[in-house]
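Here's the structure, in structure tokens; my notes come after.
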């Protein structure tokens with residue numbers, strides 16, 4: 001059964017809209033609470049001004065369902081997931097729209113163990129939604145130690161004082177990592193230069209963070225830093241910048257981590273899990289190092305599901321969701337950055353050299369804004385062009401055409417043997433998509 005409200009990563013949309021408002025949050029929380037049963041639910045949020053209103057609705061709903069709500073305050077998504085796993089709570093909730101603009105907000109759920117819900121579980125929740133919001137007065141308790149607990153755990157990932165004499169630029173997107181990532185790096189001895197570190201409720205992701213890495217790259221060069229680290233609004237993503245100003249995405253990060261682990265015989269089953277979005281160069285690099293790559297649908301929860309199914313401990317997305325099982329049960333931008341720094345420390349190699357482990361296939365990606373999302377099989381021009389291009393590329397390339405699960409966009413990807421072939425194929429695909437999706441009614 002198709003989900004109505006849930007997308008790739010929770011429920012998301014403009015605050016005050018049909019699905020992201022306090023009353024809908026109360027209905028969703030009540031349904032989730034009745035589905036989960038009695039117990040404790042931990043709730044964290046990012047820095048959006050609308051987060052407090054949604055928190056009120058969520059507390060009302062869970063209280064009506066008989067659960068005890070613990071407010072963790074502003075906290076990165078991976079810290080909430082980790083706290084759920086550590087505490088044995090029945091549920092975790094993060095109020096966030098991740099990398100979306102401040103006008104949006106959303107709700108993510110974690111089940112026992114800090115594991116994201118499955119598609120089937122989300123369908124079950126939607127079917128249990130009450131017709132109207134509860135009028136029960138919500139109550140909760142506050143836990144103020146979750147942030148410091150997370151910082152302390154992250155500090156333990158590297159030897160004490162190992163970043164003495166290091167310069168690192170951080171861009172925390174005016175979001176949930178503003179008090180975590182810089183603090184961890186400083187406790188390890190680094191001199192930290194902060195960008196995107198002045199949240200005011202309405203500037204999250206505004207020209208900063210992992211979606212806008214150029215300011216980070218510029219600042220790394222200006223201060224002569226060893227690297228730069230940028231997160232999205234809720235901290236489950238990371239992109240990094242090497243000392244020369246080159247931006248590394250999730251594909252480069254997981255390739256470095258996987259090939260390093262393979263060289264040390266510390267990658268269980270030799271397995272790296274990535275999504276359909278990742279560049280074919282990842283497969284080539286990992287295979288050459290003696291490992292294997294398995295691909296899933298788009299979304300870090302699908303990566304995590306496949307990792308659990310096959311006993312893997314490392315996976316990720318090109319967007320920067322990196323899952324290291326020893327760090328936590330979900331994508332953790334800070335954890336991934338620290339694991340990358342660990343490789344730099346042990347090998348003595350700068351990021352500009354380590355990034356050469358991934359030799360990308362020529363690739364072009366983009367998105368088209370759409371007002372509706374009809375089934376792709378009904379898009380006649382797009383379907384025909386996709387079939388033709390797949391036949392032309394054969395085994396030398398691939399296409400990926402999908403709707404975003406969190407935004408009103410059609411996402412396109414083309415890989416091929418050379419840039420001219422890729423560019424031509426991308427233009428043909430884009431033109432076909434626009435004929436189907438942007439033509440006048």
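Brief remarks on what is shown
- Elements of type helices (runs of 4 or more DSSP H) in the stretch 108-227, at least 1 residues being in the same structural domain as residue 241 (by TED's automatic domain parsing) and under 21 Å from the mean Cα position of the chain (by Cα): 146-155, 181-187, 214-223
- Condition check for residue 137: under 19 Å from residue 329 (Cα atoms) and either without any contact (Cβ under 8 Å) to a residue 60 or more places away in the chain or in contact with a helix residue (DSSP H, G or I) (Cβ under 9 Å, 6 or more places away or on another chain) (or both): no
- Members of the stretch 264-285 found to be assigned to a helix (DSSP H, G or I) and over 29 Å from residue 169 (Cα atoms), listed by number: 268, 269, 270, 280, 283, 284
- Residue in the stretch 21-33 that is farther than 14 Å from residue 134 by Cα and either outside the structural domain of residue 200 (by TED's automatic domain parsing) or surrounded by fewer than 20 Cβ atoms within 10 Å (Cβ to Cβ) (or both) present: no
- Across the stretch 1-18, the qualifying residues are those that are buried (at least 17 other Cβ atoms within 10 Å of the Cβ) and part of a loop (DSSP other than H, G, I, E, B), and the one among them that is nearest to the chain's Cα centre (by Cα) is 9.
- Annotation: of all residues in the stretch 37-52 being in contact with a strand residue (DSSP E or B) (Cβ under 9 Å, 6 or more places away or on another chain) and free of Cβ contacts under 8 Å to residues at least 60 places away in the same chain, the one that is surrounded by the most Cβ atoms within 10 Å (Cβ to Cβ) is 41.
- Residues of the stretch 311-340 satisfying the condition of being surrounded by 24 or more Cβ atoms within 10 Å (Cβ to Cβ) and within 10 Å of the chain's Cα centre (by Cα): 316, 317, 319, 320, 321, 322, 323, 330, 331, 332, 333
- Set side by side, the residues 189, 228 differ, and just one is over 22 Å from residue 316 (Cα atoms) and touching a residue at least 12 places away in the same chain (Cβ under 8 Å), which is 189.
- Residue 69 part of a strand (DSSP E or B), touching a residue at least 60 places away in the same chain (Cβ under 8 Å) and within 14 Å of the chain's Cα centre (by Cα): no
- Subset of the stretch 341-361 that is at pLDDT 95 or above and outside any helix (DSSP H, G or I) - its residue that is surrounded by the most Cβ atoms within 10 Å (Cβ to Cβ): 358
- When restricted to residues that are surrounded by 19 or more Cβ atoms within 10 Å (Cβ to Cβ) and either in contact with a helix residue (DSSP H, G or I) (Cβ under 9 Å, 6 or more places away or on another chain) or modelled with pLDDT of 95 or more (or both), the stretch 116-133 contains 4.
- Total residues in the stretch 375-400, condition free of Cβ contacts under 8 Å to residues at least 12 places away in the same chain and not in a helix (DSSP H, G or I): 1
- Residue in the stretch 20-36 that is outside any strand (DSSP E or B), within 25 Å of residue 404 (Cβ to Cβ), without any contact (Cβ under 8 Å) to a residue 24 or more places away in the chain and touching a helix residue (DSSP H, G or I) at 6+ places or on another chain (Cβ under 9 Å) present: no
- Extreme residue, surrounded by the most Cβ atoms within 10 Å (Cβ to Cβ), among residues of the stretch 290-310 that are under 21 Å from residue 248 (Cα atoms) and either in contact (Cβ under 8 Å) with a residue 60 or more places away in the chain or assigned by TED's automatic domain parsing to the domain that holds residue 411 (or both): 300
- There is no residue in the stretch 88-107 that is part of a helix (DSSP H, G or I), surrounded by 24 or more Cβ atoms within 10 Å (Cβ to Cβ), out of contact with any helix residue (DSSP H, G or I) (no Cβ under 6 Å at 6 or more places or on another chain) and on the phi < 0 side of the Ramachandran plot.
Matching residues to (1) at pLDDT below 95; (2) surrounded by 19 or more Cβ atoms within 10 Å (Cβ to Cβ); (3) within 29 Å of residue 300 (Cβ to Cβ); (4) touching a strand residue (DSSP E or B) at 6+ places or on another chain (Cβ under 8 Å):
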site: 377; (1), (2), (3), (4): yes, no, yes, no
site: 390; (1), (2), (3), (4): yes, no, yes, yes
site: 406; (1), (2), (3), (4): yes, yes, yes, yes
site: 418; (1), (2), (3), (4): yes, no, no, no
site: 423; (1), (2), (3), (4): no, no, no, yes
site: 428; (1), (2), (3), (4): no, no, no, no
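- Scanning the stretch 314-330 for residues that are under 15 Å from residue 229 (Cα atoms), modelled with pLDDT of 95 or more and assigned to a loop (DSSP other than H, G, I, E, B) yields a count of 2.
The values are calculated or read from the model by the stated rules, or taken from the named source; none is laboratory data. Bear in mind the structure is a predicted one, so any value in this text is a computation, not a measurement. Counting neighbours? That spans all protein chains shown, and the Cβs are built from the backbone with ideal geometry, glycine included.
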